[in-house]
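Below you'll find the structure, written out as C-alpha cells, and then a few comments.
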C-alpha cells in the first residue's frame, strides 16, 4: 500500500531528541531520519521530500552547508532549521544558506508541527517553481516559461517526466529508473526515449541531457 503521508527528511544526531521527535513526526509524516549531514545530503539529492527538518550542528556536514548544497542543486523543498537557544549566528547563517525558517532548542512539539504545516502551506500557495537553465518549470501547472517569455504547455506525462529529472538535476537516471518513476509497468524503456523526444521538440534539445551509456538528466538550456 502506498503511504499517502507527506515525506519529511529529518537530520538530527542527538539520539534522545531524535527518538522523541520521530515519535511525534511519525503521526503525520513518512519520515526518513539521518544522523550525518553528508549522508543526509546524498539522500536529499536522490529522494523527493515535502519538507526537511535539519539540525544546525551535525557531523559530516553542518546544517547550513547541507541547506546551501540543496539550494545549489536547485531543490526548493522548504527547510526548517533547528538551532541552539541563543545561537544567533547559527540562525543567520542557516537562513542565509537558504533555510525557510528556524526553531530554537528546546522546542515545543505543537510549535514544531505548526511551523512545518506553515512551511508546507506557503510552499504550496506560491506554487513550486524550478529553474532549468534560464527556463522556469512549474510542475503543478505543467508549464515551462522560456527566457524569451514564451509559455510552453506540457502534457501530464511530460510534466511528470521533467519533474522527476529536475528534482535531482545533478543526477543521471537510467532508462529503467525513469520508467519506474514516471511510467506504468506496462511500458517499455523505449517509451522513455519517446518522451525525451517530445519534450525536446517542444522546448530545446538541451532541456534533457543524454549521458552516453548511462541515461538522462535535466539539462541546462541557457
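Can you give me the P(r) profile for the range 1-131? Cα pairs, bins 10 angstrom wide beginning at 0, each as a whole percent.
13, 49, 34, 4, 0
Just to verify a number: FRET efficiency for residue 36 and residue 206, C-beta to C-beta distance, R0 = 41 Å, to 0.05?
0.70
Could you identify which residue out of 79, 182, 11 has the top mean-square fluctuation in a GNM of the chain using Cα springs shorter than 10 Å?
Comparing 79, 182, 11 in the GNM, the peak value goes to 182.
What is the distance, in nm, between label points placed 7 Å from the Cα along the Cα-to-Cβ direction at residue 43 and at residue 109?
Spacing of the two 7 Å Cα→Cβ label points: 2.0 nm.
If you build a Gaussian network model of the chain, linking Cα atoms that sit under 10 Å apart, which residue out of 207, 20, 52 swings the most?
Largest GNM mean-square fluctuation: 20.
For the chain, what does the helix formula give at 222 nm: sum of -39500 (n - 2.57) over DSSP H segments with n ≥ 4, over the residue count, nearest 500 deg cm²/dmol?
Computed ellipticity for the chain at 222 nm equals -12500 deg cm²/dmol.
Between residue 160 and residue 187, with labels modelled 7 Å along Cα→Cβ, what's the label distance in nm to one decimal, could you check?
Result for the modelled spin labels: 0.7 nm.
Just subtract the alpha-carbon distance of residue 4 and residue 87 from 0.36 nm times their residue separation and send over the number in nm, one decimal.
26.3 nm
Could you tell me how many degrees, from 0 to 90 and to the nearest 10, lie between the Cα long axis of helix 88-97 and the main elongation axis, the longest principal axis, of the Cα atoms of the chain?
In the chain, helix 88-97 runs at an angle near 0 degrees to the longest axis.
Between rounded, prolate and oblate, where does the range 49-122 land on the alpha carbon gyration tensor, with a ≥ b ≥ c its root eigenvalues, rounded for a/c under 1.5, else prolate if a/b exceeds b/c?
Judged from the Cα gyration tensor, the range 49-122 comes out oblate (a/c at least 1.5, b/c at or above a/b).
Enter the mean projected area of the convex hull around the alpha-carbon atoms of the range 84-123, in nm², rounded to one decimal.
One quarter of the hull surface, i.e. the mean projection, equals 2.9 nm².
Let me understand the range 129-222 better: what is its radius of gyration from the alpha carbons, and its Dmax, in angstrom?
12.2, 38
Alpha carbon centre of the range 142-170 versus the range 179-207: separation in Å?
The distance from the Cα centre of the range 142-170 to that of the range 179-207 comes to 12 Å.
Here, each number is a calculation from the coordinates, and none is a lab measurement. Bear in mind the structure is a predicted one, so any value in this text is a computation, not a measurement. For neighbour counting, all protein chains shown are included, and Cβ atoms are generated from backbone atoms with ideal geometry for every residue, glycine included.
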